[in-house]
Amino acid sequence: MKKIIIVGSGISGLTSGTYLSKNGYDVEIYEKNDYAGGFLTKFDRDGMIVDTCIHWMTGTKKGTKLNKIWNDNGGLKNADIIIPESFFDFTMDGKTIRFYHDIDKLESELYKFSEDDDKEIAKLIDAIKAINIMETPSDIPYELGDNTDMNANPDLLRKTAYYLVRNLSDLALKFNSPIIRNALLNSPVNKKFSAYYFVMNLANFVNGNAALPKGLSNGVRNRLVNEFITSGGKINLNEDVSEIIIDNGKAKGIISNGIIHYSDYVISACDLHYTFEVLLKNKYDFKPYKDYDLDDIKYPMYSYLIFAYKTKHDFKDRIAQCFKIKPLKIFNKELEFLGVRSYGYDDTLKNGEYSVVQILLETDLDDYNYLNNLSKEEYDEFKNKYQKIFKDILSELFDDEFIYLDSFTPLTLKRMCNSYMGQFMTYALTKKVPSYTRSFLVEGLDNFVLANQWLVLPGGTPVAATNGKLASQLVLYLDGKDYKNI
């Protein structure tokens, strides 16, 4: 039985490991933390579970290719799926607009707030209906031939081209209605993204392919780990992999905690920058990301700042909300709108009468650098200052008590997962870069495969799962096995 070592136990690592273990390989995962799951990390705070990863789960609709992957790897196997009434709600000047799951209700809601925006609304609804379900290419690795998933529908291209050439902020300015315009600017999708990405996410939600599995990150992680171990795989925790062993251009194993471990193949399922700069010692061409890192206009970096509280307040299943607030200064920027996520809809995330509510703020590269340059004392002071400010805002918005649990910044992701610049996904896909796929193979290095969200921008959980599957197919191909029928 051939041996495969995987570095990193996130979604990609567990997915590739499960597929390969089920195909007769001896698979071991080496994980630097004392828990498996990568970004699927839940924090236990004061009797509550704080989820910092899954906001929406793409691939929840049965019959889709991504749903099959989530069932193959265990992530959604036998999971209860919750479909909220709205994607998000936006409130300003005493009015609330809801982005409903029901397409007819969504259309009516947009027209209700229209101010000579009927043509833009008609285009948006038409594009959502045209997209229906957008599948992530997942048949076979693109290195091995044309992927049938990539065949484009001409009608779909015609109806979505309008959104591909605009950022979400550009699209927002097309609307005269202040509430629609500001809702788009402050939606759960970063305003720097191509507007197409927003439309695609909304289409998946409307069509039941973007929903919420009960237990969120904790539930998905537990099912992924269980499926991998049940398939025969082994996870080694507290293993700090420092190097890939290379002999005559071939990966032979790893060095972890100073000890050599040999294998027939190595899969790096950790952060791509960490893989090339640390594990591969900058010996291989890291194209094109070094160029991307220097172009924050075309390839902007982003992440989140999260403040978590517990409360007895009943949010009535309003999961994602955004409110106009009194202007507030943070990171030398003026904050006028505040995103709030509530988790009381899921009884597995509640403790008695208490549930978790989070303040979510998008951050950029400047924000990361600001936090990274703070001393430990200044960093703690920053978090303490704003947790009090946001606690007061929540109390005023909902007229209830909120108890602070913890806060999580891009530095948290950097520490947990070696995430480059603390990024939550990869680069924001602007109108100039609607997509990008990098080879899973490294030129000049045999028996080595990459598997992580960075390989297909903008990353995220669906990309991580799909890339784990594709990476396992590449190993099967390299080993002369059937790779098409998994």
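The values are calculated or read from the model by the stated rules, or taken from the named source; none is laboratory data. The structure presented is a predicted model; accordingly, all values stated were derived computationally and were not measured. When we count neighbours, we look across all protein chains shown, and the Cβ atoms used for this are built from the backbone with ideal geometry, even at glycine.
Restricting attention to segment 426-436, and to residues there that are of a type in the set (A, V, I, L, M, F, W, C) and surrounded by 22 or more Cβ atoms within 10 Å (Cβ to Cβ), which single residue is nearest to Leu164 (Cα to Cα)? Spell out the reasoning first.
Quick first cut of segment 426-436, residues of a type in the set (A, V, I, L, M, F, W, C) only: 428-429, 433.
Remaining after also requiring surrounded by 22 or more Cβ atoms within 10 Å (Cβ to Cβ): 428-429.
Values: Ala428: 13, Leu429: 10 Å.
Only one residue fits best here, namely Leu429.
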Give segment 320-351 a look and list any residue that's aliphatic (A, V, I, L, M) and either in a strand (DSSP E or B) or closer than 17 Å to Asp400 by Cβ (or both), or say none. Ala320, Ile325, Leu328, Ile330, Leu335, Leu338, Val340
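So which of Lys298, Lys388, Lys310 ends up being over 21 Å from the mean Cα position of the chain (by Cα) and not in a strand (DSSP E or B)? Before you say what the answer is, go through the steps one by one.
On the way: Lys298 fails: over 21 Å from the mean Cα position of the chain (by Cα); Lys310 fails: not in a strand (DSSP E or B).
Going through Lys298, Lys388, Lys310 in turn, the sole match is Lys388.
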Residue hits (segment 167-178; surrounded by 20 or more Cβ atoms within 10 Å (Cβ to Cβ) and touching a strand residue (DSSP E or B) at 6+ places or on another chain (Cβ under 8 Å)) are Asn167, Leu168
Flag for Tyr284 being in the same structural domain as Lys65 (by TED's automatic domain parsing), surrounded by 14 or more Cβ atoms within 10 Å (Cβ to Cβ) and within 15 Å of Ile6 (Cα to Cα): no
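For segment 201-225, what are the residues that are assigned to a helix (DSSP H, G or I) and out of contact with any strand residue (DSSP E or B) (no Cβ under 9 Å at 6 or more places or on another chain)? Break it down stepwise before answering.
Step one: of segment 201-225, the residues assigned to a helix (DSSP H, G or I) are 201-206, 216-225.
Answer for segment 201-225, where residues must be assigned to a helix (DSSP H, G or I) and out of contact with any strand residue (DSSP E or B) (no Cβ under 9 Å at 6 or more places or on another chain): Asn222, Leu224.
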Could you check Ser395 against (1) free of Cβ contacts under 8 Å to residues at least 12 places away in the same chain; (2) among the hydroxyl-bearing types (Ser, Thr, Tyr); (3) in contact with a Leu (Cβ under 6 Å, 6 or more places away or on another chain) and say which number it fails? (3)
Has segment 110-129 got at least one residue that is farther than 30 Å from Arg318 by Cβ, at pLDDT below 95 and touching a Lys or Arg at 6+ places or on another chain (Cβ under 9 Å)? no
Could you list, in sequence order, the residues of segment 41-67 that are within 23 Å of Glu85 (Cβ to Cβ) and charged (D, E, K, R)? Asp51, Lys61, Lys62
Condition first: over 23 Å from Glu85 (Cβ atoms) and under 21 Å from the mean Cα position of the chain (by Cα). Now tell me which residues in segment 333-365 satisfy that. Leu361, Glu362, Thr363, Asp364, Leu365
What is the residue count in segment 437-454 for residues that are surrounded by 19 or more Cβ atoms within 10 Å (Cβ to Cβ) and among the aliphatic types (A, V, I, L, M)? 4
